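Participant: Below you will find the structure I want to go over with you.
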Amino acid sequence: MEPWNTFVEGDNLDVLRRLARSGRPEHRFDLIYIDPPYNTGSAFAYHDDLRGTDGLRAGRHRAWAEMMRPRFEVARAVLAPAGAIFVSIDDNEAAHLRLLMDEVFGEANLLAQVVVNLNPKGRQLGRGFATSHEYLLVYARDARACVLEASSTEAVDPADFPLRTPDGRAYRRLPLRNTNKKFNPVTAPTMHFPVWGDPESGRVGVEPFAGAVEIHPVFGDGRPAVWRWSAALIAERPEDLVCRPVRGRLGERIDVFQRDWLHPGRRKKLTTIWLAEEIGSTDAAVAELKALLGHVFESPKPTALLRRILGTMPDDVRVLDFFAGSGTTGHAIVLANLADGGTRRGLSINSAEPTRAGSNAAREGFATVADITRARLQAVADTLGGGYGEMPLDEVGPDPSGTTAAPAVRPTSG
Ligand SMILES: C[S@@+](CC[C@H](N)C(=O)[O-])C[C@H]1O[C@@H](n2cnc3c(N)ncnc32)[C@H](O)[C@@H]1O
């Protein structure tokens, strides 16, 4: 049986190209998570010849983006049509990364830029603000087809749904009016139309009916607004709407609300700020790794962060991490499968980057970061299960630098 975790040692661009060229269905991934080097100036080797006239900093950003661009292009090729990619990044490259990903994945496919509070005390070294967060950029391969569900595994709090229909169904009211000031009759003219509602019964419709008054969408200051639902949707789902008198700055008026139902098993929507108390901290991540292998990697991610990411996708996804480092993604896959009976599979890739001479890792006998990745994935399999396998580079797929034999020329008839 295929192990839950597989590891490939190699430069990720080479491995990604082989995966893409292999054409094998198991080499298409529903979820990609990466945590690339952050280009802090020391960890990332930039090219001197790219400094140009923009100066060192601009050259460094350009070199970083040039390193990442082809990797994203091939990553997109191995991402399943309904898949999504999550990328960790800090302030050094967040802006450049977002532009780059807009180019490769399309601006319309940006699902979120999440703030991840991995260092709750804040960075105490250096001048200025004590930075306590970094980011997670989330893009779909195709936002319309993506299966990602931006909710946590926690259930919603029933207290947030305090209203009841006469037959006992719980709901809360959400304004049908679009409260985002960007949307108004000029920017969204088709969403500005009157509806009809009876404030006594609460009934709403798109045509006049006995007892109904005409209702226009307006902002609190009386300026015209637009609805969130089209007239066709309102006509289709009258049960999900209710109107009632509201008291605003300009006196009483009738407004329309969506009934947002408390369905059994409804999960909490994820916000775009993830706190360390929910997803762990870098300190917690170091402790997790220490318990398995020792203090052999400086900046691992906490497994709880990866489990939250995994929780947004179905439980049988194929996951790829091509900057695997200490193997956190693979570890989280095993924890998630054990917790919910899922069948996720992970492929981790890391290069044979030598560990720093004199570092804990080198002292513990890890000559390369790849040795750390495989040691953690093996230790996870030994202690928790799920199995572990390693795939030699030449079994991943055809060598991208090799030339494919030209197809034989067939004589044309006639
Ligand atoms: C920030 S670390 C990832 C840490 C990981 N998320 C964790 O929790 O341990 C980035 C990793 O990418 C690896 N790396 C850098 N360039 C690479 C390349 N071209 N191919 C494969 N791995 C690479 C480095 O060895 C490093 O381990």
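Throughout, read-outs are computed from the coordinates displayed, never taken from laboratory work. Computed from a predicted model, the values in this text were never measured in an experiment. Counting neighbours? That spans all protein chains shown, and the Cβs are built from the backbone with ideal geometry, glycine included.
Participant: So how strong a dipole does the chain carry about its Cα centre when Lys and Arg Cβ are +1 and Asp and Glu Cβ are -1, to the nearest 20 debye?
Facilitator: In total the dipole reaches around 960 debye.
Participant: Turning to a different aspect of this structure: Within 10 Å of each residue's Cβ, count the other Cβ atoms and sort 134, 103 from fewest upward.
Facilitator: Least crowded to most crowded, the residues run 103, 134.
Participant: Explain nothing, just the number: relative contact order of the chain, from Cα pairs under 8 Å at least 6 residues apart, as a whole percent.
Facilitator: Over the chain, the number comes to 22 percent.
Participant: Among 251, 261, 281, whose Cα sits farthest toward the positive end of the charge dipole of the range 181-311 (+1 at Cβ of Lys/Arg, -1 at Cβ of Asp/Glu, about the Cα centre)?
Facilitator: 281
Participant: Give the calculated FRET efficiency between residue 395 and residue 339 to the nearest 0.05, with a Förster radius of 30 Å applied to their Cβ-Cβ distance.
Facilitator: For residue 395 and residue 339, the calculated efficiency is 0.45.
Participant: Right, next: Counting only C-alpha contacts under 8 Å and six or more residues apart, can you give the relative contact order of the range 229-303 as a whole percent?
Facilitator: This gives 18 percent for the range 229-303.
Participant: Another question about this same structure. Take every Cα pair under 8 Å in the range 163-261 that's 6+ residues apart, average their separations, divide by the length, and report that relative contact order as a whole percent.
Facilitator: Reported relative contact order: 33 percent.
Participant: What dipole magnitude, in Debye to the nearest 20, does the range 163-261 give about its Cα centre under +1 on Lys/Arg Cβ and -1 on Asp/Glu Cβ?
Facilitator: With Lys and Arg at +1 and Asp and Glu at -1, about 520 debye.
Participant: Which residue, 320, 347, 117, has the largest displacement toward the positive end of the dipole of the chain when charges sit on each Cβ (Lys, Arg +1; Asp, Glu -1)?
Facilitator: So the residue we want is 117.
Participant: What number comes out for the charge environment of residue 18, summing +1 per Lys or Arg and -1 per Asp or Glu over other residues with Cβ under 11 Å away?
Facilitator: -2
Participant: Roughly what angle does helix 94-105 make with the longest principal axis of the chain, taking Cα atoms, 0 to 90 degrees, to the nearest 10?
Facilitator: 80
Participant: Go ahead and estimate [θ] at 222 nm for the chain from helices alone: -39,500 (n - 2.57) per DSSP H run with n ≥ 4, summed, over the residue count, rounded to 500.
Facilitator: Result for the chain, helices only: -8000 deg cm²/dmol.
Participant: Using 1/(1 + (r/R0)^6) with R0 = 35 angstrom and r between the beta carbons of residue 103 and residue 249, what's the FRET efficiency to the nearest 0.05?
Facilitator: It comes to 0.20.
Participant: What is the helix-to-structure angle for 328-340, meaning the angle in degrees between its Cα long axis and the longest Cα principal axis of the chain, kept from 0 to 90 and rounded to the nearest 10?
Facilitator: On a 0 to 90 degree scale, this one is about 50.
Participant: Also, I was wondering about something else. So, counting K/R as plus one and D/E as minus one, what does the shell of residues with Cβ under 15 Å around residue 360 add up to?
Facilitator: Charge balance in the 15 Å sphere: +1.
Participant: Next up: Measuring from label point to label point, each 7 Å out along Cα→Cβ, what is the residue 207 to residue 69 span in nm?
Facilitator: According to this spin-label approximation, the distance is 5.8 nm.
Participant: When the Karplus curve 6.51 cos²θ - 1.76 cosθ + 1.60 is applied with θ = phi - 60°, which whole-Hz ³J(HN,Hα) does each residue of the range 393-399 get, with x for Gly and Pro?
Facilitator: These are the phi-based 3J(HN,Hα) values: 3, 6, 8, 5, x, x, 4 Hz.
Participant: Give the calculated FRET efficiency between residue 299 and residue 77 to the nearest 0.05, with a Förster radius of 35 Å applied to their Cβ-Cβ distance.
Facilitator: Plugging the Cβ-Cβ distance into 1/(1 + (r/R0)^6) gives 0.75.
Participant: Angle, helix 282-292 long axis vs. longest principal axis of the chain, Cα atoms, 0 to 90°, nearest 10?
Facilitator: The angle comes out at about 50 degrees.
Participant: Could you give the length gained by full extension between residue 149 and residue 2, i.e. 0.36 nm per residue of separation minus their alpha carbon distance, to one decimal place?
Facilitator: Result: 50.3 nm gained on full extension.
Participant: Further question on the same structure: Would you list, by chain and number, the lysines whose Cα falls below 27 Å from the Cα of residue 301, excluding same-chain residues fewer than 8 positions away?
Facilitator: Partners found: 121, 268, 269, 290.
Participant: Next question, about the same structure. Using +1 at the C-beta of Lys and Arg and -1 at the C-beta of Asp and Glu, which of 126, 63, 302 has the Cα lying farthest in the positive direction of the dipole of the chain?
Facilitator: Looking along the dipole axis, the top candidate is 126.
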